[in-house]
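The values are calculated or read from the model by the stated rules, or taken from the named source; none is laboratory data. Note that this is a predicted model, so its numbers are computed, not measured. Reconstructed Cβ throughout: ideal geometry from the backbone, glycine too, with neighbour counts over all protein chains shown. Keep in mind that these areas ignore ligands, DNA and RNA; they rest on the heavy atoms of the full protein, side chains included. Shrake-Rupley method; radii C 1.70, N 1.55, O 1.52, S 1.80 Å.
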Amino acid sequence: MTAKTGTPGLDSRAFLMAKTDQAIEILKEKGIDCWLTYVRESLANSDPSLELIYDGDLTWESALILTADGEKIAIVGVHDAPDIEDAAIFSRVIGYREGISEPLVNTLSRLDPHAIAVNLSENDPLADGLGAGLYKLLQRRLGGTLFGDLLMPAEDVLWSLRARKLPMEVDALRRAARETIAILEDAGKSFELGMTASDVAHRVQQRTRERGLGFSWTPKMCPIVNVGAGSPVGHVTPRGDAIVPGCAVRLDFGVKVDGYCADLQRMWWISRNSEGPPEPVAHAFATIVDAIGRAAEALRPGVKGGEIDEIAREVIRQAGYDEFQHALGHQLGRAPHDGGGAQLAPRWERYNETPYRQVETNSVFTLEPSIALPEYGTIALEEMVLVGEKETEFLTPRQTELPVLDLG
């Protein structure tokens, strides 16, 4: 059976077999006996990690277990068991009727693990899918045994599983990036004087739907559109700010292709009489381009995320600007903020441990520094990069020049 529900352009079974095999190798590497994903009513309250190991929904309490010895075990309700057996990802499927406790305890007794990783995390919502109530329920199901004391956070396993992109995942991210750039380029050709930020967003969304693509984040603010100095910056819905001569236009946008998300930013300058941007805008833009280039040069496996953020931040400071009030970059994958452990972030409280994590090979990051100019608005770009073993690759051609549009 080859299902394509969750990743329409990928062979779902091939993807799930590869990711579960990868998870087993990660367990071996990290010295963790087994990883337990425990879910129920996943259609209503899904664990974000479930889509990495199973393409479907599970209704009754279900335990999906991968071990460092290579076992793939699914303990599920009898009504869910047939689909899991058909998918042929898990080599052992145990269906129960009255309750999961007995088959779960019997299985763990046979495996005799020293540690059981479960989906808990203080640092990453994508690794924190178990939930407080379900965690307590799992402890009750394991009551009277020592297994409850063996539970540990699986975030280290999940971070590597998300960060280390398989070739098929990288291909999907490349396609998403290409589609995003094509739509952004179309958007720049359609600007008209008097168009508002919300008008621009509507055209981008219309073009996305015409191409049969999904949005990387909520369509209400995908794209984010900033026009001129008064346009609010951040995760905000496009407003009524109008395109006029002498303003900058910035789009922050991404489409989802085959279940994978792009996230890119591009800018344009709206000219008066074909004049280029004023010196403050040109200088800020050149500084952003420089910061991205220097960060990319230093981005390698093994470096800590916070070190890369500091490189770009120092470029901004040395050029005489206030530092940006956000991270330099985040990982991309099946979510626009895809976890993966390391973030290219400052060592601030809100980023928890992620700036101290090491970057892993085949991770995909954004690079998105910004400079706030009170008279002109925020000057920013965002690029997508793939971290190779020896060099970092931009997944689309970089924007290094600020296009000048004379709309007449």
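Here are a few things to note about the model shown:
- For the range 351-408, a tally of residues being closer than 30 Å to E275 by Cβ, charged (D, E, K, R) and in contact with a strand residue (DSSP E or B) (Cβ under 9 Å, 6 or more places away or on another chain) returns 5.
- Condition met for G70 (in a loop (DSSP other than H, G, I, E, B) and modelled with pLDDT under 95): no
- Exclusive hit being on the phi < 0 side of the Ramachandran plot, in contact with a Ser or Thr (Cβ under 8 Å, 6 or more places away or on another chain) and of a type outside the set (K, R), set I89, I116: I89
- Pairing residues of the range 112-138 that are within 20 Å of D149 (Cβ to Cβ) and in a helix (DSSP H, G or I) with residues that are basic (K, R) and open to solvent by less than 70 Å² (accessible area, probe 1.4 Å), at Cβ distances under 9 Å and at least 6 apart in sequence or on separate chains, gives no pairs at all.
- R92 being out of contact with any Leu (no Cβ under 9 Å at 6 or more places or on another chain), open to solvent by 20 Å² or more (accessible area, probe 1.4 Å) and of a type in the set (D, E, K, R): yes
- Scanning the range 241-285 for residues that are under 27 Å from M384 (Cβ atoms), touching a residue at least 40 places away in the same chain (Cβ under 8 Å) and of a type outside the set (V, I, T) yields a count of 25.
- Contact annotation: residue pairs with Cβ atoms under 9 Å, 6 or more positions apart or on different chains, pairing a residue in the range 218-229 that is under 17 Å from P245 (Cβ atoms) with a partner that is open to solvent by 20 Å² or more (accessible area, probe 1.4 Å) and of a type in the set (F, W, Y), are G228/Y376; A229/Y376.
- L173 vs. criteria closer than 24 Å to T366 by Cβ and at pLDDT 95 or above: yes
- All positions within the range 145-161 that are in contact (Cβ under 8 Å) with a residue 60 or more places away in the chain and out of contact with any strand residue (DSSP E or B) (no Cβ under 7 Å at 6 or more places or on another chain): E155, D156, L158, W159, S160, L161
- Some residue of the range 102-119 being of a type in the set (G, A, S) and either at pLDDT below 95 or within 33 Å of the chain's Cα centre (by Cα) (or both): yes
- In summary, L150 fulfils each of the numbered conditions (1) over 21 Å from the mean Cα position of the chain (by Cα); (2) aliphatic (A, V, I, L, M); (3) within 30 Å of R300 (Cα to Cα) with the single exception of condition (3).
- Some residue of the range 99-118 being in contact with a helix residue (DSSP H, G or I) (Cβ under 8 Å, 6 or more places away or on another chain), among the charged types (D, E, K, R) and open to solvent by 30 Å² or more (accessible area, probe 1.4 Å): no
- Scanning the range 344-356 for residues being open to solvent by 30 Å² or more (accessible area, probe 1.4 Å), farther than 18 Å from N119 by Cβ and touching a residue at least 12 places away in the same chain (Cβ under 8 Å) gives a total of 3.
- A count restricted to the range 56-88 and to residues that are of a type in the set (A, V, I, L, M, F, W, C) and open to solvent by 50 Å² or more (accessible area, probe 1.4 Å) stands at 1.
- Residue match in the range 255-269 (condition: more than 19 Å from the chain's Cα centre (by Cα) and of a type in the set (S, T, N, Q)): no
- Every condition in (1) surrounded by 18 or more Cβ atoms within 10 Å (Cβ to Cβ); (2) farther than 21 Å from E85 by Cβ; (3) among the small types (G, A, S) holds for A23 except the one numbered (2).
- Selection of the range 29-49 for residues being at positive phi and charged (D, E, K, R) yields only E41.
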